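The values are calculated or read from the model by the stated rules, or taken from the named source; none is laboratory data. Here the structure is a predicted model, which means the values were calculated and not measured. Neighbour counts are summed over all protein chains in view; Cβ atoms, including those assigned to glycine, are modelled from backbone coordinates with ideal geometry. These accessible areas exclude ligands, DNA and RNA; they are computed on the full protein's heavy atoms, side chains included. Shrake-Rupley method; radii C 1.70, N 1.55, O 1.52, S 1.80 Å.
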Amino acid sequence: MDSDDEQRIPLSRRPEWSDVTPVRQDDGPEPVVPIAYKEEFAETMDYFRALYLADERSTRALQLTTEAIHMNPGNYTVWHFRRLILEALNADLHDELDFVERVASNNSKNYQIWHHRRWVAEKLGTDAVNKELEFTRKIFSIDAKNYHAWSHRQWVLQALGGWEDELDYCHQLLEDDIFNNSAWNQRYFVVTKSPLLGGLKAMRESEVNYAVEAILTNPENESPWRYLRGLYKDVTQSWINDPQVSWVCLKILSAKKNHIFALGTLLDLLCHGFHPSQDIKDALDALNTESDSTESELAKSVCSVLERRDPMRASYWGWRKHMLRDRAV
């Protein structure tokens, strides 16, 4: 079918459809708000209903689903029937991936497209790995934070493989945009899930170095701060005791700018029993906190500073300070 509606030949004028009686949409005797469908759309769906009710799994039925999908890529019934037809015809599923890519070029956030694509890739197995990873790369070049594409990519890696270059790919994305939180999330996914890297414990030291370097470059970027915390999942004491964590907080606090996330990290450390060094207390002094008090009181002072310097989340920091008071009672 040509994408230009003006060149479309109505189904009623195509000889190969002369044996089909269209089934009109039944909206009841008195529809409340009838939809004014375009003539070509109404006709296509009338013929589709006829084939669907007859369960005709033929080449022309496949072509009809192609036309219907071009008109409405979100119709889950059409996609479902298309899968039944593809199986019945033993169709070339590599061609189907090409078809989905063409449809996705203008509909990259359509749930039905991604569900269908996963079904096709699962049928093809490991033969689809390279094509699927490349497909998601193309999507990210247009929309770097497309949730559907990231979800699909993670499924491909876990179900079909392709881990070998994924950490390098994450690095490339972060080189392009260090603020790309989706790429940070994917990096954490790879570090924790890849069967080739040995798990979080084996990767922690190198990833801490990676996160610290990113923080020093852009301390106002929340993503590497969150990433750094995530590297100590379920081992809070190691997080508190790692000198690199407190060191990077001190480094940013000493710079006296872009220190909101450093203060937030320090607050979390204090709430988990961290005992700050005199250098950190001195750095907090410079920000008008009461650093000569206990860790509990110091945490409250940090909350007060954050209330003033992070007005977007002032209520949150006030709540944190309130919770600290309740805990001390």
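Quick notes on this structure:
- Scope the stretch 158-203; condition among the charged types (D, E, K, R) and part of a helix (DSSP H, G or I); matching residues: GLU166, ASP168, GLU175, ASP176, ARG187, LYS193, LYS201
- Cross-chain or 6+ apart pairs with Cβ under 6 Å, the stretch 310-322 first and part of a helix (DSSP H, G or I), then open to solvent by less than 90 Å² (accessible area, probe 1.4 Å) and of a type in the set (A, V, I, L, M): TRP317/LEU306
- Odd one out for ALA202, checked against (1) of a type in the set (A, V, I, L, M, F, W, C); (2) over 29 Å from ASP165 (Cβ atoms); (3) free of Cβ contacts under 8 Å to residues at least 12 places away in the same chain: (2)
- Long-range neighbours under 9 Å by Cβ, at least six apart or interchain, first residue within 12 Å of TYR227 (Cβ to Cβ) and open to solvent by 60 Å² or more (accessible area, probe 1.4 Å) within the stretch 169-189, second of a type in the set (Lys, Arg) and in a loop (DSSP other than H, G, I, E, B): ASN181/LYS145
- Residues of the stretch 131-147 that turn out to be open to solvent by 30 Å² or more (accessible area, probe 1.4 Å) and of a type outside the set (Ser, Thr, Tyr), as a count: 8
- Index of the failed condition, ALA128 passing every other in (1) open to solvent by less than 60 Å² (accessible area, probe 1.4 Å); (2) outside any helix (DSSP H, G or I); (3) on the phi < 0 side of the Ramachandran plot: (2)
- Here HIS116, HIS94 are screened, and the one residue that is of a type outside the set (Lys, Arg), at pLDDT 95 or above and surrounded by 15 or more Cβ atoms within 10 Å (Cβ to Cβ) is HIS116.
- The stretch 264-300, residues that are over 20 Å from TRP247 (Cβ atoms) and modelled with pLDDT under 90: ASN288, GLU290, ASP292, SER293, THR294, SER296, GLU297
- Of the residues in the stretch 134-141, at least one is polar (S, T, N, Q) and in contact with a Lys or Arg (Cβ under 7 Å, 6 or more places away or on another chain).
- Given (1) open to solvent by 50 Å² or more (accessible area, probe 1.4 Å); (2) over 30 Å from ASP143 (Cβ atoms), index of the condition GLU43 fails: (1)
- Under the condition of being in contact (Cβ under 8 Å) with a residue 40 or more places away in the chain and open to solvent by less than 10 Å² (accessible area, probe 1.4 Å), the residues counted in the stretch 265-290 number 1.
- Every residue from the stretch 78-91 that is assigned to a helix (DSSP H, G or I), surrounded by 14 or more Cβ atoms within 10 Å (Cβ to Cβ) and either among the aromatic types (Phe, Trp, Tyr) or touching a residue at least 24 places away in the same chain (Cβ under 8 Å) (or both): VAL78, TRP79, PHE81, ARG82, ARG83, LEU84, ILE85, LEU86, ALA88
- Options THR66, THR44, THR77; residue that is farther than 28 Å from PHE135 by Cα and of a type in the set (Val, Ile, Thr): THR44
- Some residue of the stretch 61-75 being free of Cβ contacts under 8 Å to residues at least 60 places away in the same chain, open to solvent by 30 Å² or more (accessible area, probe 1.4 Å) and hydroxyl-bearing (Ser, Thr, Tyr): no
- Residues within the stretch 214-239 that are surrounded by fewer than 21 Cβ atoms within 10 Å (Cβ to Cβ), outside any helix (DSSP H, G or I) and more than 19 Å from the chain's Cα centre (by Cα), tallied: 6
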